[in-house]
1. Looking at ILE61, ILE117, ILE74, ILE97 in this structure, which one is within 24 Å of SER15 (Cα to Cα), β-branched (Val, Ile, Thr) and at pLDDT 85 or above?
2. When the residues of the range 1-40 are narrowed to those that are β-branched (Val, Ile, Thr) and free of Cβ contacts under 8 Å to residues at least 24 places away in the same chain, which ends up farthest from MET66 (Cα to Cα)?
3. Only one of these is closer than 16 Å to LEU170 by Cα and touching a Leu at 6+ places or on another chain (Cβ under 9 Å): SER5, SER88. Name it.
4. Search the range 166-182 for residues that are over 18 Å from LEU128 (Cα atoms) and pair each with any residue that is among the charged types (D, E, K, R) when their beta-carbon atoms are under 7 Å apart and the residues are at least 6 apart or on different chains.
5. Across the range 149-208, which residue is surrounded by the fewest Cβ atoms within 10 Å (Cβ to Cβ) among those that are at pLDDT below 75 and in a loop (DSSP other than H, G, I, E, B)?
6. Is there any pair linking a residue in the range 68-85 that is within 9 Å of ILE163 (Cβ to Cβ) to one that is modelled with pLDDT under 85 and not hydrophobic (A, V, I, L, M, F, W, C), with Cβ under 8 Å and at least six apart or on different chains, and which?
Amino acid sequence: MKYLSCFWNKLEEISIVLSLAIMTIVTFIYVVLNSLYQPFLFLAEKYGALKPIAEPIGIFIMTLAMDMTWSVAITKVFFGALIFLGASYGVRTAGHIGVDFVIKKFSTETRRFISIIACLLCLTYVGLILYASNDWLQVMYEADVGAEDLHTFHLKIWHIGLILPFGYALIFMRFIEILIRLFKGQQSDLGLADEASDALKINEEYKE
């Protein structure tokens, strides 16, 4: 079980890093190409002697930029993936901000009981979305609709939609881990981030 958990953690982190990297690289290349062909065309127009060299280079770069019509679409795909993967990562690392001002006034056992109920509600919600996403994915698979602007990669909508069940499965697993720790008494809440406490710690560090 420990090795499986480690595998999921690494897979989650690698997927997030890859999504960020691909988004950044694709956007960077697209912006560079769109900015780079203009100086060459300007030189070709301004200086006739440079036209035989500068113009073909400028047209070649402009053609590359025009061929990258898929760049915005692919960036949106990985940004969407980042949302679901980030949600799972946030649950695991206590990245989500918790509103638990009232809960903290109860005893540890009461907080743990309330957290168990909250965790079960979260699991129910995630389970419903996971079930619905599988149904939607089945419909898209049967429809076999191509993804807009991504025909270059032969991607279908259902290919992109795979991130839904994958992302929610990760989130479901994270809440299961929290629920197990709650039942074992290893924690008394959902492990959410305390923004006020973090701000106070930063303030104290700044004073020092």
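The values are calculated or read from the model by the stated rules, or taken from the named source; none is laboratory data. Note that the coordinates shown come from a computational prediction; the quantities given were computed from them, not determined experimentally. A quick note on method: Cβ atoms are made from the backbone with ideal geometry, for glycine too, and the neighbour counts reach across all protein chains shown.
1. ILE74
2. ILE14
3. SER88 is the lone residue from the list that is closer than 16 Å to LEU170 by Cα and touching a Leu at 6+ places or on another chain (Cβ under 9 Å).
4. Filtered contacts from the range 166-182: LEU182/ARG112.
5. Taking the range 149-208 first, the residues at pLDDT below 75 are 188-208.
Filter once more, keeping what is in a loop (DSSP other than H, G, I, E, B): 188-192, 194, 208.
Details: SER188: 21, ASP189: 20, LEU190: 23, GLY191: 20, LEU192: 18, ASP194: 16, GLU208: 5.
The qualifying residue surrounded by the fewest Cβ atoms within 10 Å (Cβ to Cβ) is GLU208.
6. LEU85/GLU12
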